[in-house]
Amino acid sequence: MVCAANACGGDSGTPAIVGPVAVATVEVSPSQQSVTAGHTVTLSATTRDASGAVLASRAVGWSSSAPAVASVSPAGVVSALSGGSAVITATSEGKSGTAAIVVPPVVVTLFIDSIQPRLWVGRTVQLTFQVRDPAGFPVAGRAPQWSSSAPTIVAISSAGILTGVAAGSANITGVVDGQSATRAVFAVAIPPAVVSLQPETATLPRGADYALSARVADIDGNALPGHSVTFQSADASVATVSAQGVVRPIANGSVAIVATVDGKEQATSRITVVDPRVVSGVVMTADGARPANLEFIARFGLTASAQRFVVAVDSTTGAFTLVLPQFTSNGPVIEYFVDAASGTTRPYHVIAAW
């Protein structure tokens with residue numbers, strides 16, 4: 001018999017060399033756990049020798065049987081990602097232990113942006129949704145798969161953008177982890193355009209032109225270009241109106257200016273023509289700057305709407321002449337002055353002969 005050095009007995013007295021104790025078992029705790037999607041749980045691994053004694057500081061590797069359901073980090077932190085089950089394995093020196101992880105299915109709840117699930121034909125809207133776990137908490141980073149029961153009526157993109165294709169209704173369905181939610185959406189034809197006319201009322205001096213502003217919009221207030229707007233005066237002897245909406249006061253009195261869009265929808269501005277009063281003055285600043293134009297914002301009466309009057313200013317002298325409606329000795333309330341050419345407000349000092 002041949003004995004290796006220090007392996008057999010003898011008289012040498014040299015101690016035997018003993019190698020490290022091998023890992024016999026690996027225990028994972030907890031051994032099973034239910035984790036909701038979007039949450040995490042930390043597992044621990046205990047290594048033991050053949051006698052059951054704990055072996056400290058042994059390297060442990062982690063893996064998941066279903067990383068799409070539950071992933072695991074090198075530190076044993078499990079992240080629940082989607083509904084299903086996964087086996088998490090801890091391995092050390094060829095030995096392993098496992099933990100069963102169950103991720104309950106999530107619950108999908110969808111919300112439409114508007115109170116009524118209505119969508120205009122030809123328009124788009126982003127579908128608002130939430131993905132919630134069984135406890136009702138939001139789960140981030142989950143994108144449902146969208147479908148429409150009638151894509152020729154209401155179409156939906158993978159990003160959840162609804163498009164009204166034709167008048168009618170469709171059921172929009174979102175699916176996450178086999179769980180679904182459905183919402184009915186109605187596509188409605190856009191009603192005729194409507195026109196608004198500003199100002200709705202105005203007091204104008206006789207002989208001074210004044211431009212009305214017409215705006216064409218849909219029922220939601222979105223501007224609609226390309227529509228034909230016509231203007232008409234109910235009494236041309238009091239005031240006329242051009243094709244561009246410029247009113248020319250002719251004689252004292254009251255008259256309605258009517259704007260019509262596409263020959264159907266109408267809006268009215270009530271114009272009162274009064275005697276004119278000429279206001280002349282000088283605009284100046286400490287640095288001698290002169291505005292190209294001066295815009296007066298005047299209000300005639302406490303409850304009257306503001307009216308804008310723009311006049312040219314002499315670039316050398318700062319002189320201007322403005323024709324305003326006749327007013328009382330107290331004059332109109334002048335709210336502010338604006339350099340109409342640049343659109344910026346400057347601290348101009350206006351000396352006017354009211």
Label point distance in nm, Ala75-Thr42, each placed 7 Å from Cα along Cα→Cβ: 0.7 nm
- line: Listing Thr240, Thr268 by rising number of other beta-carbon atoms within 10 angstrom, fewest first, gives Thr268, Thr240
Amide H within-cut-off set for Val279, under 5 Å, with H built and near neighbours excluded: Leu322, Val323, Leu324
task: Could I have the simple spin-label model distance between Val310 and Ala59, label points 7 Å from Cα toward Cβ, reported in nm to one decimal?
output: 7.9 nm
field: Cα→Cβ-extended label distance, 7 Å offset, between Thr128 and Ser169, nm
entry: 2.3 nm
- prompt: Exposure proxy check: Thr124, Thr152 ranked by fewest other beta carbons within 10 Å?
  reply: Thr152, Thr124
field: Relative exposure of Leu127, Leu322, judged by other C-beta atoms within 10 Å (fewest first)
entry: Leu322, Leu127
query: Does anything in region 36-65 have its amide N under 16 Å from the 7 Å Cα→Cβ label point of Lys95, and if so which residues?
result: 45-61
query: What is region 237-282's relative contact order, in percent, from Cα pairs under 8 angstrom and six or more apart in sequence?
result: 32 percent
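Every number here is computed from the coordinates shown, using simple stated rules; none is lab data. All values reported here derive from a predicted model rather than from experimental measurement. Using ideal geometry, Cβ is built from the backbone for each residue, glycine included, and neighbour counts are taken over all protein chains shown.
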